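Where a number appears in this text, it was derived from the coordinates with a stated rule and is not lab data. Quantities reported herein were computed from a predicted structural model and do not represent experimental measurements. No Cβ is skipped: glycine too gets one built from the backbone with ideal geometry, and neighbour counts run over all protein chains shown.
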Amino acid sequence: MARTSSPSLGTLLQSFFTERLTRQRQASPATLSAYKDALRLLLVFTSRRLSKPVDRLEVQDIDVGVVLAFLDFLERERGNGARTRNARLAVVHSFFRYVAFRDPASVALAQRILAIPAKRTVTRVIGFLHPHELKVLLCAPDRRTARGRRDHALLLFLLRTGARASEVIGVNIADLSLDGSRQVLIRGKGSKERIVPLATDVATILSDLLAERGLGFPRDAPVFVDARSRRLTRFGLTHVVRRAVRAALPLQPSLATRPISPHTFRHTTAMQLLRAGIDLSVIRAWLGHEDIQTTHQYLEVDVEMKREALEAAGVTPEARARYTPPSRLLTLLER
């Protein structure tokens, strides 16, 4: 009876992306890009560590020692934090679960790699923008220029929708409804779609932005584009936010005390909805959270709501008379 040979590392990688991620899981382009980056880093690191060309690597070359050394490399040399390190490890785990399914001879190797635990992380307080900071940031872009008008529309869209960076740059003209219902279709994580209402000011600014670009755009054209009319990238969106922060610093120095990214606007949207008395289940649907516990984290952040609850409960310090011992003997004993 002929012995079946094990699939090569290249074959497993190709089928992992084409069959498991694309066809079975229907992973988004952002997810595919993240998986490709993580596995590419792992292959390059393994190649250098073993002094072996990448195209000659085998599955058995990527053992527990290599993976552990790779994780240390991410933190020490690339400066990745624990969260990024854990995200890369999750990709490695996902690939080796597929390896164990496709290649029974590699099950033992896969089990050892799957046993590598994630690193404990510190849960940091969520950062969000206060009303006075938002006002300065939204006024930072120079709306006398086309770029400034685009930047202002982007910042306002981030704030009003609470969309993730990948969701914002993925919005097409066909996803907008600027007349009547005024809403936008947003494609979130896991190919989940949701509809978010648009405030009147955002709908007006987006209409003006599209009109300025001219008529005749196909419905699948992106809403937010760069200077060459190409779809804005995640890096480009981050650059827009950083440029606005730099322009706003002279009027609002507090912006320099913490990192501000497109995701900061998402947190700010959640806090605004929470302070407006919107139910957590509605906020969860608005932001596209899969787990309600993710939405609950905003309750832990809002100190003002906690102060209001403290005042409403009537918990106030009372002046009390200082204790006086009844005699010198008791005073001596109580010392």
Taking LYS135 as the anchor, which lysines have their alpha carbon closer than 26 Å to its alpha carbon, excluding any fewer than eight residues away along the same chain? LYS306
Dipole magnitude (debye, nearest 20) for the chain, charges at Cβ of Lys, Arg, Asp, Glu: 780 debye
Can you tell me, using C-alpha contacts under 8 Å and at least 6 residues apart, the relative contact order of the chain as a whole percent? 15 percent
Given charges at beta-carbon only (K, R positive; D, E negative), |dipole| of segment 131-263 in Debye: 420 debye
Over 16 Å [Cα-Cα, segment 64-119], rounded percent: 40 percent
Compactness summary of the chain: radius of gyration and Dmax from Cα atoms, Å, are 26.8, 100
Picking from PHE224, PHE70, PHE157, which is most flexible by a Gaussian network model of the chain using Cα springs under 10 Å? PHE70
I need the P(r) histogram for segment 22-144: all alpha carbon pairs, bin width 5 Å from 0 out to the longest distance, whole percents. 2, 9, 16, 17, 17, 12, 7, 6, 5, 4, 4, 2, 0, 0
Please report how far the C-alpha centroid of segment 260-274 lies from that of segment 47-95, rounded to the nearest whole angstrom. 34 Å
Could you grab the relative contact order for segment 39-140? Cα pairs under 8 Å, six or more apart, rounded to a whole percent. 24 percent
Net charge dipole size for segment 9-114 [Lys, Arg +1 and Asp, Glu -1 on Cβ; Debye, nearest 20]: 240 debye
